[in-house]
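This report refers to the structure that appears directly beneath it.
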Amino acid sequence: MGVEVRNITKSFGAFKALDNVSLRVEAGELVALLGPSGSGKTTLLRIIAGLETPDPGSGPVFFQGVRVDKQKVNERGVGFVFQHYALFRHMTVFDNIAFGMTVKPRKERLSKNEIREKVRALLHMIQLDNYADRYPSQLSGGQRQRVALARALAVEPHALLLDEPFGALDAKVRVELRAWLRRLHDEIHLTSVFVTHDQDEALELADRVAVMNSGKIEQVGTPDEVFHHPKTPFVMRFLGQVNQFRGRLESGRVWVGDHSGLASQCETGDKKSIASVSAGSVMVFVRPHDFDIAIQPRQERCSIPATVVRVRSAGNVVHVEMVTDSGDPLNVETSHQERDELKIEPGSHYYMIPRNLRIFPADGVGDYPNQAASF
Amino acid sequence: MSKAFDVSQSSDLFDYKAHRRAVMQATTESGWARFTLIASSCAFMALFLLVPLVCVFFEAFIEGFEGFCNALTTKATYNAIKMTLTATFIAVPLNIVFGMVASWCIGKFQFWGKGILISLIDLPFAISPIIVGLLFVFLFGSSSFLGKWLLDHNIRILYATPSIVLVTIFVTFPFVVRELIPVMESQGAEEEQAARVLGANGWQIFWRVTLPNVKWALLYGVVLCNARAMGEFGAAVVVARNSVKTNTLPLHINALYQSYESGAAPFAVATLLATIAIVTLVVKTLLEIKIRSSEKKDDY
């Protein structure tokens, strides 16, 4: 086992940053902590590192089965990459990377030559062989990021923790560095946890994603699991665009306004049977790409009548902004081919039939209106 | 790892100098106005700073080189130099230690009473040195409780070396801290945290991360602190009470000047302080250049 935390709570004054959080990261796994700002993801990361102390009464922290929460941060042997890198500005790239090795007690310290060799190897790994004598101020953002990573790896940590590792980089560099980091992880297989607010980053990079919201972990799972089978409305909303309707569950049917379909065609949050959701008002979620567009309503399917407002076809998919007959905005994604076949254009009227319809009990689900124009 | 990944050289070949020149041209005043302003400030500087300084050196040599040397080699002058150096060599290191500790607390942590602490540090700037001297006289004088206790135990503070050292520490107190606080604040605590995660202990963090990051600002503060310590007059004159033993350089100059057959002597001694002032100025300017170039390293 790589890293495990149990029942961690952390408050800053009256604000509860973490509320009884437990997480298990297997050895060699790359896990993303994904959530909006203020969800507690960075606090959790810093507690794992030992940079923050959890509230008294919190559970233990384990590294490779060894309890470390009584150890100080400099004894834990973690690699931490700070959001703004925190490189030592008065040291060269070489000295930055060597720092962790040179502060070791004399007995454990490598010889000067060994340290030099190791730094050279790390510089080669981060593809900055010729930059040993530069200062951080002379590097680009992506280069600094890689130096910070090499510095963290130099001490051969038990786990690598990265706080918004790509947050301060521009979009192109971010994508490149992301792919590079994934390849690197596949080579060295170091237990790693990274914090991000960017769902694409989490879904692309991580083996598993822990989605966090207001101090709690809402769901942990592979990118496929959290994206295709969200357990909670928050996860559903946070990962990708979603259309949301108020609905009713009555005698085996799901009603959206005056239109209904068989409830057995729906999925619920925990892959539980639909019978476990008590009848009454529910929230209905449909992703924009999960609609069939039909001219006529279909038998036993929830067919929502809607009119096209705007069509945006620049891109891989066609974004269709619609408004339902009951006046709710509706976002739909379709293919260029389908658009041409159906001649979808502003003003035309269709029945929208959800292929994948997910329902959650309405209580406790915040009312977030569909965003009409923000794909 | 493929070589496809090459984000190494992002092109920010922006010509800052040319840009600045362009902005200057667009926003500057007319040549006339610039000339008048620059000339008047130069004239002011010459009249109030340069001329007096030249006068000091001129007066010092009015009795010839021999007179100059005689004035500098008296026993009293020797004592005054010794006293000034003693006070400075105690006050400056103490201020370095205090300045590092206080600015570190203030710059890197949030705590209750921080504002009050900053105001207290500025106190010596606000109080007239004479008042400082009087405060110490009240505190250690024979009329006070502390003064009586000291007298009973035969410890002399007032009108002796310790009081000179104490007032010097008091008046030079803010110089180092004041220089360090903004630097510590702007650098934040992330580098220290990074060092800690990498396994460094407190001592290593201080010597290898914190201190190197503030060294130029620290030196700048020390230079100012040093100049102030050597030049201190107001508070010293109260607690020294014209005793020959406790004369510092400024007090000695004053005493020489007040005596009837002064001649070139006070000016000769004054050249010592003036020279220190000039050296300070040069070092200060060099440090400012150094600090500015190290600040460039900061904005990344």
Starting from the exponent 0.38 and prefactor 2.2 Å, build the expected Rg for chain B from its residue count and divide its actual Cα Rg by it.
1.31
Starting at the first residue of segment A:297-307, write each ³J(HN,Hα) from the Karplus equation 6.51 cos²θ - 1.76 cosθ + 1.60 with θ = phi - 60°, in whole Hz, x for Gly and Pro.
x, 10, 4, 6, 10, 6, 10, 9, x, 8, 10
Overall form of segment A:107-161 per C-alpha gyration tensor (a/c, 1.5; a/b vs b/c)
oblate
Percentage of Cα-Cα pair distances in segment B:79-216 greater than 26 Å, rounded to whole percent?
40
With a 1.4 Å probe and every protein chain left in place, tell me how much accessible area A:Thr222 has, in Å² to the nearest 10.
50
Computed about the Cα centre, the charge dipole of chain B from +1 Lys/Arg and -1 Asp/Glu charges at the Cβ has a magnitude in debye, to the nearest 20, of 360
At what distance in nm do the modelled label points of A:Ala27 and B:Thr36 sit from each other, each positioned 7 Å from its Cα along Cα→Cβ?
8.2
Choice from B:Val237, B:Val132, B:Val23 showing the highest fluctuation, given a GNM over chain B with Cα pairs closer than 10 Å:
B:Val23
Residues in segment A:293-310, backbone N under 20 Å from the label point at A:Lys343 (7 Å along the Cα-to-beta-carbon vector): list them, ranges by number please.
A:293-297, A:306-310
Leaving ligands, DNA and RNA out of it, work out the accessible area of B:His252 with a 1.4 Å probe and give it in Å² to the nearest 10.
10
Within segment B:224-246: backbone nitrogen closer than 15 Å to the B:Ser259 label point (7 Å, Cα to C-beta):
B:242-246
With N set to the residue count of segment B:154-262, report its C-alpha Rg divided by 2.2 N^0.38 Å to two decimal places.
1.56
Please compute the alpha carbon radius of gyration of segment B:132-181, then divide it by the globular-protein estimate 2.2 N^0.38 Å. Two decimals is fine.
1.37
Computed over the Cα atoms of the protein assembly as shown, what is the convex hull's projected area averaged over all directions, in nm²?
46.2
Modelling each spin label as a point 7 Å along the Cα-to-Cβ direction, I'd like the B:Arg241/A:Arg106 distance in nm, to one decimal.
5.4
Collect residues whose amide H, placed 1.01 Å from N in the peptide plane, falls under 5 Å from the amide H of A:Phe80; neighbours closer than 5 in sequence don't count.
A:Leu161
If you count, for every residue in B:204-213, the Cβ atoms of partner chains within 10 Å of its Cβ, what is the mean?
3
Given the protein chains as shown and a 1.4 Å probe, how many square angstrom of A:His84 are accessible, to the nearest 10?
110
Tell me, what is the FRET efficiency for B:Trp149 and A:Thr92 to the nearest 0.05, using R0 = 60 angstrom and their Cβ-Cβ distance as r?
0.55
Helix-only CD estimate at 222 nm, as mean residue ellipticity for chain B, using -39500 (n - 2.57) per DSSP H run (n ≥ 4)
-24500 deg cm²/dmol
The protein assembly as shown - charge dipole about Cα centre, Lys and Arg +1 at Cβ, Asp and Glu -1, debye rounded to 20
1860
Given R₀ = 51 Å, what would the calculated FRET efficiency be for B:Glu190 paired with B:Ile127, taking r from the Cβ atoms and rounding to 0.05?
0.85
Can you list the HN-Hα couplings for segment A:250-261, worked out from phi with the Karplus curve (6.51, -1.76, 1.60; θ = phi - 60°), rounded to whole Hz and with x for Gly and Pro?
9, 6, x, 10, 9, 10, 10, x, 9, 10, 9, x
For the pair B:Cys55/A:Asn113, report the inter-label distance in nm, with labels modelled 7 Å from Cα in the Cβ direction.
7.0
Quick one: net charge around A:Glu201, please, counting Lys, Arg +1 and Asp, Glu -1 for every other residue with C-beta under 9 Å from its C-beta.
-1
Can you pull out the trypsin sites (Lys or Arg not before Pro) in segment A:63-117 that DSSP calls coil and that have at most 12 other Cβ atoms within 10 Å?
A:Lys70, A:Lys72, A:Arg106, A:Lys107
By accessible area (1.4 Å), largest first, A:Glu201, B:Glu66 order as B:Glu66, A:Glu201
Would you mind checking the radius of gyration and Dmax of segment A:1-122 based on alpha-carbon positions, in Å?
16.9, 52
Computed on Cα atoms only, the convex hull of segment A:12-70 has an orientation-averaged projected area in nm² of 4.5
If you wrap a convex hull around the alpha carbons of chain A, what volume per residue comes out, as a whole number of Å³?
164
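The values are calculated or read from the model by the stated rules, or taken from the named source; none is laboratory data. Keep in mind it's a predicted model, so treat the numbers as computed, not measured. As a convention, Cβ positions derive from the backbone with ideal geometry for all residues, glycine included, and neighbour counts pool all protein chains shown. Surface accessibility is based on the protein's heavy atoms, side chains included, excluding ligands, DNA and RNA. Shrake-Rupley method; radii C 1.70, N 1.55, O 1.52, S 1.80 Å.
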